[in-house]
Structure formats: C-alpha cells, structure tokens
Amino acid sequence: MQCKETCVKAGEECVFPGDKRAPRQLNRLPVGELLTRLKDLESEVQELRSKKSHSDSEKAAQRTIQNSGSNVFGLPGTELSDSQLKPDDDFRHQYLQPGQSKALWTLYQDNVAPLVAILHIPTTRQLISNAVDGVELNAAQKALLFSICFSAVISMTPKECKSKVGQERYVARQDYGNAVERALDDADFLKSKDISTLQAAVLFLLCSRAGGNTRLIWVKAAVVIRLAQSLQVHRDGEKLGLTPFETEIRRRLWCYICILDTLSSEDQAVDTQIRPGMFDAQFPSNIDGDELSPDMAGIPPVTKIFTDITPCIMTCMVLNDVYWSSTSLDQSLPMSLRVQEERVTKVGKTLQEKYLRHMDLNIPLQWISATIIRLQLSRAWLLVQIPSDTLPMTDPYNDTAFETAVEGVNFSYLLQTNSVTAQWSWLCKSYRQWHVMAYILSELCTHPLCPETDHAWDLVTKMLVQWQQNFPKDTALEKPLNELVERTAAVRATKLAGQPGPEEVNIQDEQGSGSSGFLELGFSIDWLRVIGL
C-alpha cells in the first residue's frame, strides 16, 4: 500500500491499520437478569391498565347517572350533582335498605295499587321479600322495585315523605326517578324481552304525570307502546297460546298502556297513538289479583262486582266505546252528533247496570272509583255538546251543559281535596278537566252576571289555584288556558264596573272547611239522567 501524496509532502509518517478491526465490546445483560426485568415491566403495565380500566368504569357509571333517561328512551335526562354520583354498590345500599323498601311497599299497596293495578301483588310481594332478605335481584327485578318505590314517593305528601323517607319530596322524587331510569338502562330496556321491565316503565310514567314533564312523558309513552307491540302485549294471550295467568297479566298491562297513551296525548292536545284495529287484547277478567296464580289451569269465576281491576275495566270501556269508536280514520266522514250521543248513552247504561249500581258508596275506594267514572261519562257527554257555533248560548240545552260542566269541576275539586280519599288524591290531581274548564271560562264571557256564574267563577279560580300547586310541566294546554282565564277575568271586571254595585251573592262552599266526609254532598245533578239514562 502506497502513501498518499499529502503524507509525503507533509513529511509525516504514514500509519496503516492492522489486518483485523478490534472486536466491539457489547454491554449485554445476562439472560436471567433480562427476563426478570421484562417480568417487572409486564407487572407495571398490567397495574397501569387495571387502574385505567377501573377509572373508565367509574366514569361510565357516572355517565349512566348523569344521563339518566337518555340511554333508556333516547332523551335528555336530569343531570345530577357530583355528590349524587355513587358507585353501584353505594347506590344500591342507599335505595334498597330493607326497612325503607318495606315501608314504601306498604305505601304502594295502600296508595297506588288500589287504582293502578298493573302488578300482581302476591308475586311482587315475594320480590320485595327477596330484596329485604338480601337475595340478589336481576336487572328487570331491580327496575320494578325502584318503580314501586318511586310511585310510593309520588303518592305521599311532602310532610309524609320527610317523615318516612328522610328526604324532601322533590329530592326523593328526583333520586328515585333517576334510580328507575338507571335500573331500566341496566336491564337493557329497549331490547329486553322481560315483561317486568315494561311493567316498571308503565308504572313509572303513569305516576310521573303527577307534577312531571308531560311532554317527555308523552314521547316516552310512544316508546313504551312500540316495545309493547314488539313483545306482542297488544295481542290477546289466548290467541298466542299463553297460560291463563300470563294472559291476564298482559291484558292488565295493555289496558294501562292504553290509559297512559290517552292521558299523555290529552296533555299535549293531540290524538292518541293507539287506534281501533291496532290490537285484539281483551279486557282483563273482573277478578282480584289475589285470585290469580302462575300455576292456575283456568280463569277463576267472577264472584263479586268490585275488584282491584274494576276501575281500569270501566275506564277502558269508556275509551273503547266512546273515544276510539268516535275516531274515524276518514276525516271526511265525521260521526254525527246523534250517533255520538247514542254511544255515550249506551256505555253509560252498560256501566250503570253492570258496575255502578252495585257499588257501596260508603266505602271510600268504591266511592272515588264511581265518581271518576261518572266524571268521565260527564266529560264525554259534554265533548259531544260543545262547542256548537250554530247553537245559541241561551239555548236551554246549552244551559244544562253549562250546569253539568260546573258540577263536574266541583266534584273534580272534591276528589283532589277531600280528606277521606286523600291517599289517592295524588292520582286525581293528574286527571285534569282541561276541556271542561275551557268551556266554563268561554261561557262566563258571554253569560250575564248572576249567582250561578259567580259560583262557577269562584269554583274555577279555586281549581286553578289547586292546579298551580301541582301543575304538570310542559303541557301544551297551559298557555291557552291561562290566556282564557285572563280574558274571562277582564270581561267580568268590565261587567262589574258597569253595574251600580256588585250584588252580594252568598253561595255556600260545598267543600267547606268543616266538611270531611264524602257522602254528604251526593250528586246534586243526576249525570246519568243528563246523558239520557
């Protein structure tokens, strides 16, 4: 190898590398030590993953509570504060305490079940017993249990709730309402095939109408109807080959779904979703739930007139024979006034002969049931009569309609304020005579001042005060009704100003503070006579 010219010119000695490069020194760890370090790293990774998974689970649980109502029905729910976001175990411990569950179950049987007989009491009693004894419940059973507790809370007065639950009523309502929503979500409500989840949802929505957001309830009711159809609850169990017990339970459930649809649709001033021809489920047998059992071979014979399901049957008879039958899918063929009157008269006679005349009005539950049905018949008759642009306001028949409307509001007010039936007043407050009130207010604008109109105005204002205390949220009828009240008040003020002096009218308040009974009032108008019976 020759030197390069640069080395020669510089006078430096050329240095050549050896034949082989010196070996590189590698700082490799022993195999044993390397494996040990790998295992340590794997342990650290697993620990980090475990912590992340636990954190995600807590966040998911919090989102479930925060979005209560959104996951179940696809609607925004109530957002809770951080103090209310609890892990599942703490959540269950707070709301499934044995003593509290038993107390709320007792309230449910006294205040809810007599007029809302969705559930089979003997079967549900066993569910409550299991919950109290600490038996693990599945998701559907938890949803049903929470719905029962929620309905019991709704049925209490604020004072009772504070005493028995230890919470303000509005707080307990929110807590148990969110508990129901969360339990339905855990039960995968939209996909569940368990009839218990549907029972829980229907009971929850029916009771939520008492002071709840009626628009959301109306939308959620639509989801319930679709789910009921997917489970074929609208089909009669006999045609599906189901057992007698399943058939009766499903019939009861479908009837209450129809009632929910009617009430929630009326709150929004729209037609019902359920129409004639959409179902073939029959009315439930008029038999107490205690007489039904899962192992029965057939339907027991009817042995008495009034049972736990009688109020439901009577209400559905009015729906089926009056409201649904008067609904024509062809709007160009409206039902004549005469035919509508005949339908109301016919169902009134049937109810009177089959149920009403056999009831013992000395029993509060039977009295309130009979009064509710008579109010429904009275309202059905009034809706046939009013409004009629061709009928002069001074027509005697129209005076009868006005008198009947006032009497109906009077008894509606009594149902909400009578101490004898106070345990069911929460439900009566959710039955609002929207159309009847609007009719009375319209008539007061045209009728002259007299003792009768003064009495009607006094009664309407008392009812409005009662409504304001328990007014449902987001009802479509609140604004127009308030506008009508303002117009009526202005008209009456003008009439009073045009008189030399207002007449002193002494009309005894039929619901005086000294009256605590319900039989003293009787029916000052024979409603069955008014509708032609």
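Points worth noting:
- Residue under evaluation GLN167, criteria (1) closer than 27 Å to PHE245 by Cα; (2) without any contact (Cβ under 8 Å) to a residue 60 or more places away in the chain, criterion not met: (1)
- Remark: LEU377 matches the filter, which requires a residue to be among the hydrophobic types (A, V, I, L, M, F, W, C), at pLDDT 90 or above and either crowded, with 22+ Cβ neighbours inside 10 Å or under 23 Å from THR350 (Cα atoms) (or both).
- Within region 155-173, considering residues that are β-branched (Val, Ile, Thr) and either under 19 Å from CYS428 (Cα atoms) or over 18 Å from the mean Cα position of the chain (by Cα) (or both), the one modelled with the lowest pLDDT: VAL165
- When restricted to residues that are assigned to a loop (DSSP other than H, G, I, E, B) and not small (Gly, Ala, Ser), region 110-153 contains 11.
- Near pairs, Cβ below 8 angstrom, 6+ apart or cross-chain, from region 109-124 (under 16 Å from THR421 (Cβ atoms)) to any residue that is of a type in the set (D, E, K, R) and buried (at least 19 other Cβ atoms within 10 Å of the Cβ): ALA113/ASP308; PRO114/ASP308
- In region 334-359, residue modelled with the lowest pLDDT [restricted to those that are farther than 19 Å from THR272 by Cβ and of a type in the set (A, V, I, L, M, F, W, C)]: LEU337
- Looking across ILE274, ILE249, ILE299, one residue alone is buried (at least 18 other Cβ atoms within 10 Å of the Cβ), among the aliphatic types (A, V, I, L, M) and either part of a loop (DSSP other than H, G, I, E, B) or touching an Asp or Glu at 6+ places or on another chain (Cβ under 8 Å) (or both). It is ILE274.
- Those residues of region 355-388 which are assigned to a helix (DSSP H, G or I) and more than 26 Å from ASP110 (Cα to Cα), in sequence order: LEU377, SER378, ARG379, ALA380, TRP381, LEU382, LEU383, VAL384, GLN385
The values are calculated or read from the model by the stated rules, or taken from the named source; none is laboratory data. None of the values given here were measured: they were computed from a predicted structure. When we count neighbours, we look across all protein chains shown, and the Cβ atoms used for this are built from the backbone with ideal geometry, even at glycine.
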